[in-house]
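Notes to accompany the following structure.
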Amino acid sequence: MTDKEFDVLLELSGLTVDEGEREVMMSDVESILGYVSQLPEEKGERKKGKGASSMNHEPRTPFELRPDELTAADAKEVEAIRRAFPLITEDKLLEVQDVFGSKDL
Amino acid sequence: MTIRELRKHFEKGTQTARQTLDGYLDCIDKKDVGIGAFLEVYAGEARVQADEVDAGRATGKPMGPLAGIPIALKDNILVQGKTASAGSHILEHYTASYSATVVERLMAAGAIIIGRCNMDEFACGSSTETSAFGVTKNPVDPTRVPGGSSGGSAAAVAAGFVPVALGSDTGGSIRQPAALCGVVGFKPTYGSVSRSGLIALASSLDQIGPLATSVGDIAEIMRVIAGPDPKDMTTRSVQASFPEFSGSVERLKIGVPKQFFDDALDPALASTVRAAIKTFADHGATIVNLDLPLLESALSVYYIIQPAEAASNLNRFDGMQYGTPAEGHSIAEQIRRTRTEQLGREVKRRILIGNYVLSSGYVDAYYKRAVALRGALTRQLNKAFDEVDVIMGPTSPITAWPLGEKFDDPLTMYLADIYTVVANLAGIPALSIPCGNVEGLPIGLQIMGRAGADSKVLDVGWFWESVE
């Protein structure tokens, strides 16, 4: 496992590790993954002789964190959402506030 | 004393529920300092409940089957208004807003919840050393671990602090500590007991079950807690299948897989377990040697599926929904800092492994393959159960080890679950029952049955107790 992969994994997990702990944690994770990757072949598998190890498996997609891209709704979408969701419930107990950055709906 | 013995005393009037409870509380007061089985004891409320039971009995009020019986709970089972920490700092101040179905059923049966027991953090561990609130020691030898993750529950029963306790079993967390502490532990069929109100670790593997000093007491608890629950859609009806014990093993076919007697097993432990199995043959049972090759992969399959489900379940512990949020400049930073500061190393390890095996590049190679093998293993076991009634072997490959010995070596610690994970992967019932000792340390015999055959497994265990 590369440092970059480990950093992505930490990000995905909502965790950080201290510098002192990092090496131990990486080594533990690698040894556990090494152990569990020794799964037997399934019947009819094409890649005979290869286990589940990440060492001989090509990821289908690059192991990178995809940044979330936030795009503001356009006027048409805003109008559609306003029509779909009433601003106040029938029992008048819940009223929508501060949607689309405006309290004045 | 067993539940049946206590009940007789209550009925005859030779002992009250309050006197019984005070005896147990006194024992906890004096001895738990050196064991650390309990995180909290509800002495005040328990005494009030015991007095109510005695008052009800005196006025001829109908009594539940567990009236006045003290029971301890693992700290991941919710009791309304009480702390449920799951052994983690992140839930240190969490108060349950509702009670688990098992708790409601126990209380409706008159049981007295005496307190909450220590456990590995979020049930991640096999020694109760990963608890954020200190280690629990094995009452048989306090220099050794009690096993885990239900180590507090097992230690409480073994030390005589309670007649019965509830634990949860995701990969052996009831049976392995039961074996290491010399008590009886039962993991029911998946779906026999409601998981509503259990803090989840791996939802397709978790199951609540009892620990006690006798199989009879295990059955007494199962009669109360088992059965369908609308709050858990995986539950099913098995409660009718806890009859009186038959007392015979004639015509019983016992399967013994060679994979349960591999190099991982301590030789002295192997001969004790084989001797125990031979006892059944001496009483008329037939021994069938089995070869179940997929058992060799069970631990690998388990340590892919379990962390994957754990990573998902533990996502909610972020300081926003649960836990105390740490300081941070953004929500993302707050979450990261909360989880980093308030989760322990073993929990973090499993979250990292779980997210790795579920990541888009590796999900086919790890998770999907493990799920396929889990299905194949279950089919292989079901085929074996067409030939045999039960499968027997050791519960743990080793006896209780010294405190701290395996703490920094997670892979070696995981190997302690090598014979127990099978039952969770296949969803079948499994009992661990004391069958001897090596150098003074207890050994467990594991008895597994077909899914739904909880009663059969307990029946066979009861027979062992009666001839031992």
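Values computed for the structure shown
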item: Semi-axis lengths (Å, descending) of the ellipsoid that matches the C-alpha gyration tensor of the range B:271-369; result: 44, 18, 9
item: Quotient of Cα Rg and 2.2 N^0.38 Å for the range B:92-201, N being how many residues it contains; result: 1.03
item: Highest to lowest packing among B:217-230, B:380-393, B:344-357, B:44-57, scored as the average C-beta count within 10 Å; result: B:344-357, B:217-230, B:380-393, B:44-57
item: Pairwise centroid distance, computed over Cα atoms, of the range B:71-110 with the range B:439-454, Å; result: 27
item: Protection-proxy order for peptides B:437-449, B:297-309, A:18-30, B:421-433, each taking the mean of Cβ atoms within 10 Å per residue, highest first; result: B:421-433, B:297-309, B:437-449, A:18-30
item: Antiparallel bridges, percent of DSSP beta bridges restricted to the protein assembly as shown (to nearest 5); result: 70
item: Rounded if a/c under 1.5, otherwise prolate or oblate - the range B:368-424, Cα gyration tensor axes; result: oblate
item: More than 22 angstrom apart: percent of Cα pairs within the range B:303-453; result: 58
item: Cα-based convex hull, chain B, per residue volume (Å³, whole number); result: 138
item: Positive-pole candidate from A:Leu15, B:Ala365, B:Ala132, dipole of the protein assembly as shown, charges at beta carbon; result: B:Ala365
item: Kirkwood Rh in Å, taken over the protein assembly as shown so that all alpha-carbon pairs contribute; result: 25.0
item: Kyte-Doolittle mean at least 0.0 and Cα axial length at least 18 Å: DSSP H helices in chain B; result: B:267-282, B:298-313, B:454-467
item: Expected 222 nm ellipticity per residue - DSSP helices of 4 or more, -39500 (n - 2.57), all of the protein assembly as shown, to 500; result: -11500 deg cm²/dmol
item: Partner chain coverage, peptide B:408-418 - average Cβ within 10 angstrom; result: 2
item: Violating pairs (Cα-Cα greater than 29 angstrom) within the set B:Lys278/B:Lys383; B:Lys137/B:Lys187; B:Lys61/B:Lys137; B:Lys137/B:Lys383; result: B:Lys61/B:Lys137; B:Lys137/B:Lys383
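Computed from the coordinates by the stated procedures, all read-outs in this text should not be read as laboratory data. Please read all numbers here as calculations on a predicted model, not as lab measurements. No Cβ is skipped: glycine too gets one built from the backbone with ideal geometry, and neighbour counts run over all protein chains shown.
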